[in-house]
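Trainee: This is the structure I want to talk about, given as structure tokens.
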Amino acid sequence: MNLPAAIALSHREQIKLLAGVLIFGAAALLPFFNTTYWLSIGISIAMFTVLATSWALFSGPTNYIALSTAAFFGIGMYIVGGGLPYLPFPALVLVAALAGALFSAVVGLATLRISGVYFVIFTLGLAELVRQVVAWAQHVMGTSSGLYVLIGISDQAMYWLLLGLAALVFLVGWAIGRSRLGFALRIIGNDEVVAVHSGINTARAKVVLFVISSTFAAMTGALVAPRWSYVEPSIAFSPFLSFEVVIMALLGGVHRLWGPLVGVIPFTLLWEFISAKFPSQTTLLLGACFLLIVYFIPRGVVGLIEDFTRERGGAIRDLLKRWTGGHA
């Protein structure tokens, strides 16, 4: 039975999918090695892989730099923290996903007609606005000390949950890349005016992808809330998180689905070292990392790899032409 062209996989795509399955399968074995420290690092890598990859799903093709990750991450954390007495944990993760989707849809419909620095400023302010609203609500209800999230989830289970969510992000991103939505977003990223004149509903396309990205951020916040044990506005809605996600994604490269992962792994390991050795200078070093990445590797590590491969390929072709008298 022949598959329709729209869903049939090329040989190269089959290899990529198989490689992805093998990589995630190998990563799932980490808890069996009984190394507490590396399992903790693995949880951080899995968490930031979800956040950075889902961020890149929206910001990569559209070139819209969103600094709102902390807003949706914090919403997910607070839904779990406030809802544990009433609903089981799995149900709260689904509620967090729904809340993140609804809130991001409202925000997207209201703001995605603006672009450039105005959009960046708005999304940065959004996280701060949500933080202040939650802090005010806690004060009014007399619970300004924060919320305790006391639920028995082992580090192994936490890691597997986040790894499964990361696999889902990659699967969704792969499906989007093969869809009409992905094609429309690539046109929007190249020239939004051309996209509009081509008949693409740019506002709807951007809102859909913004909702998908924000939903994953809310689910991530919900999943990691038990690991943090205590949730308060300054922790859940920290702008530091939004900047970390952006830096990791830009470091790896946002124009390939696997690009953010290339940035997440080394940056997480480096940040563990910096946090341990220079705990008072983390904000300064974070800003320095952002400037260095934007200035020296604007297309990320993936861009450097592609440039190197292209140059090597050109050199090999030139060498073959000389050997064959210009007939290669």
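The values are calculated or read from the model by the stated rules, or taken from the named source; none is laboratory data. Note that the structure is predicted; figures quoted are calculated from it, not measured. Glycine also receives a Cβ, built like all others from the backbone with ideal geometry; neighbour counts cover every protein chain displayed.
Trainee: Mind listing whichever residues of segment 54-65 are out of contact with any Leu (no Cβ under 7 Å at 6 or more places or on another chain) and modelled with pLDDT of 90 or more?
Mentor: SER54, TRP55, ALA56
Trainee: Also, I was wondering about something else. Out of PHE210, PHE243, PHE216, PHE273, which single residue is farther than 22 Å from VAL302 by Cβ, aromatic (Phe, Trp, Tyr), part of a helix (DSSP H, G or I) and under 15 Å from the mean Cα position of the chain (by Cα)? Talk me through it step by step, then tell me what you get.
Mentor: On the way: PHE243 fails: farther than 22 Å from VAL302 by Cβ; PHE216 fails: farther than 22 Å from VAL302 by Cβ; PHE273 fails: under 15 Å from the mean Cα position of the chain (by Cα).
Exactly one residue qualifies, and that residue is PHE210.
Trainee: Same structure again: Select from segment 148-183 the residues that are of a type in the set (A, V, I, L, M) and touching a Lys or Arg at 6+ places or on another chain (Cβ under 9 Å) and list them in ascending order.
Mentor: Selection gives VAL149, ILE153, MET158.
Trainee: Having 1 or more residues that are crowded, with 18+ Cβ neighbours inside 10 Å and in contact with a Lys or Arg (Cβ under 9 Å, 6 or more places away or on another chain) is the bar; report the helices (runs of 4 or more DSSP H) wholly within segment 11-96 that clear it.
Mentor: Where helices (runs of 4 or more DSSP H) fall fully within segment 11-96 and carry at least 1 residues being crowded, with 18+ Cβ neighbours inside 10 Å and in contact with a Lys or Arg (Cβ under 9 Å, 6 or more places away or on another chain), they are 36-62, 69-83.
Trainee: With the checklist (1) surrounded by fewer than 17 Cβ atoms within 10 Å (Cβ to Cβ); (2) without any contact (Cβ under 8 Å) to a residue 12 or more places away in the chain; (3) not aliphatic (A, V, I, L, M) in hand, flag the one item PHE122 doesn't pass.
Mentor: Just one mismatch for PHE122, condition (1).
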